[in-house]
Amino acid sequence: MTDVSKALSLFRSELVIVNVGPKSFADVLEKQGYRTLQVDWKPAAGGDKKMQEMLEYLGGY
Amino acid sequence: MTVPEKVAEANKKVIDIMTKARPVWVDVRPAIEVVPGMDKDLILIPGPPIEPKDLPIPLKTAVCGAACHDGLAKNVDEAWEMVLAGKIRIAPSQDYNCGNAASSVMSPSMPVFVVEDKTSGGKGFCVPHPGSNPRVLRWGIYGDDVEENLRFIRGDYAQVLGEAVRASGGIDLIRVLSRTAGMGDENHNRQPAASMALALELVPRLLDVDHPARDKVIKEIAANDRFFLHVMMAGVEAIMSSAKKVPYSTVMVGMGGNGIEFGIQTAATGNRWYTTKAPLISGIFLKPTTTEKDLLGYLGDSCVTEVWGLGGMSAIAGPAYLRMTGGTFKDAKERTEKARMVSLGEHNFAPVPWDDYRGFPVGVDIRKVVGLNILPISHGGSALKTGGQAGAGAAELPMDVFRKAVEGVYEEVKRLEVEA
């Protein structure tokens, strides 16, 4: 039988939400009392497709 | 070889040039004698190209003052007319392997430090730092007293210093910097340790010079804790003159501001500038009455030190500078960490004891800056719009110049690939 105790203990422990993306998502959760961890991530070249293609041509980064 | 392989190989070559460099200060000579391309009607200015009519007040004053100093014009008004008419030309210093800090300019008769990179063979040049007097051409101020000091520097000062440097057989700047390990300097805006280590090499040679102004020159140098900066700028330019000859490389090899625009250069495209509006330097002001409205945009080439891994790049080596300009030890650490994330090399000459003995990050890859959205930070002194120093601090380098640089290098590499 599968041991689910580890999975269950996860649900019983404090929830820490890892937020990848706009900080405002985490802000809303924090206002509701949840702990969040913000990952400092931004899309490559600010999401500029043309710039991403040029970077790729030059070997990436 | 594929394009990415060629870029990787070129970048390795540039990082080797930067990290294996051995800049040695060999001479002090009039610019017209030693700077390739220098001409008797040419005045070199900091930052990217600019139309004469657009020169900000401090640079206009410095250019006209230098023209009078060189006898190109009888007075500053005549000099300005000649500049506007193109009879006196202006050009970016870094296009001539020179650096001009703050509002400094280089005219043909001015003495320059000559530094040779013994590894790559490149040569770079910079005028001497004029000392702590606030009334200097370096901050866009000109008058009889400034002219008198310029004549002293061109005359006795250059003769005595030149003789001492030549007699030394060359002063190795890596050896000087190695001695400063753990002494708390970031070597752009704070360099008493390097200036003292340089004096250790220089003063005994100066004492051997037989000249009536010898003691006055020793006093000037010994009392100037920023003396090393301009020697190092010549050293950086010596190194970058070689780095600029490496096609396909995406490494930044030049940057500076003229108060209006700020620009960078890359190895792949040499002296081509990528520019945008000059950012402001935020930090402290010398006078409580100064406000941000009084500030000119980034002015000067002294940030070539950052191009070679000093200043803001190695902020963790000089946390006291951050303390002075409103930052913290954590900020210093963060600045260097940011620089590491966008740099391809690391210096080994002055490891930082409180940073796990790591060296200064060097060689900013424009691809990483744009791709990762991480902007390196440069330290710098800020200038007043009307002339004079406002204060000191730091500026985040503008993303726009890096995006333009990626586009420029991309076009250049495409062109080379079609030709191949």
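Derivation of every value follows stated rules applied to the coordinates shown; laboratory data play no part. Keep in mind it's a predicted model, so treat the numbers as computed, not measured. Reconstructed Cβ throughout: ideal geometry from the backbone, glycine too, with neighbour counts over all protein chains shown.
Overview of results
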| item | result |
| --- | --- |
| Once the Cα gyration tensor of the protein assembly as shown is diagonalised, semi-axes √(5λ) in Å | 42, 25, 23 |
| Label-point separation, A:V39 to B:M183 (7 Å along Cα→Cβ), nm | 4.5 nm |
| Net length gained if the chain between B:D77 and B:D208 were fully extended (0.36 nm per residue, minus Cα distance) | 42.8 nm |
| Local electrostatic count at B:N373 - Lys and Arg +1, Asp and Glu -1, tallied over other residues with Cβ under 14 Å | 0 |
| Radius of gyration and maximum dimension Dmax of the range B:321-420, Cα, Å | 17.1, 53 |
| Fraction of beta bridges assigned by DSSP in the protein assembly as shown that are antiparallel (%, nearest 5) | 80 percent |
| Computed P(r) (all Cα pairs; chain A; 10 Å bins; percent) | 19, 26, 24, 19, 13, 0 |
| Neighbour-count ranking [beta-carbon atoms within 10 angstrom, fewest first] of A:K23, B:K385 | A:K23, B:K385 |
| Equivalent-ellipsoid semi-axes of chain B, from the Cα gyration tensor, Å, largest first | 30, 25, 22 |
| Part-to-part distance (alpha-carbon centres) for the range B:66-97 and the range B:397-416, which is given in Å | 32 Å |
| Compactness of the range B:24-234 - radius of gyration and Dmax, Cα, Å | 16.7, 51 |
| Local net charge near B:N258, Cβ-Cβ under 10 Å (Lys/Arg +1, Asp/Glu -1) | -3 |
| Calculated P(r) of the range B:246-419 - Cα pairs past 27 Å, % | 27 percent |
| Inter-probe distance in nm under a simple model that places probes 7 Å from Cα toward Cβ, at A:A7 and B:Y357 | 4.9 nm |
| Which of B:L299, B:L177, B:L42, A:L29 has the fewest Cβ neighbours within 10 Å, and the rest in rising order | A:L29, B:L42, B:L177, B:L299 |
| Peptide-level mean, for B:410-420, of C-beta atoms on other protein chains within 10 Å | 1 |
| Whole-Å distance, taken between Cα centres, linking the range B:172-220 and the range B:282-324 | 22 Å |
| Inter-label distance, nm, simple model (7 Å from Cα along the C-beta direction), A:D48/B:T289 | 4.3 nm |
| Neighbour net charge for B:L384 - beta-carbon separation under 12 angstrom, K R +1, D E -1 | +1 |
| Nearest-0.05 FRET efficiency for B:E396 and A:D27, computed from C-beta distance (R0 22 Å) | 0.35 |
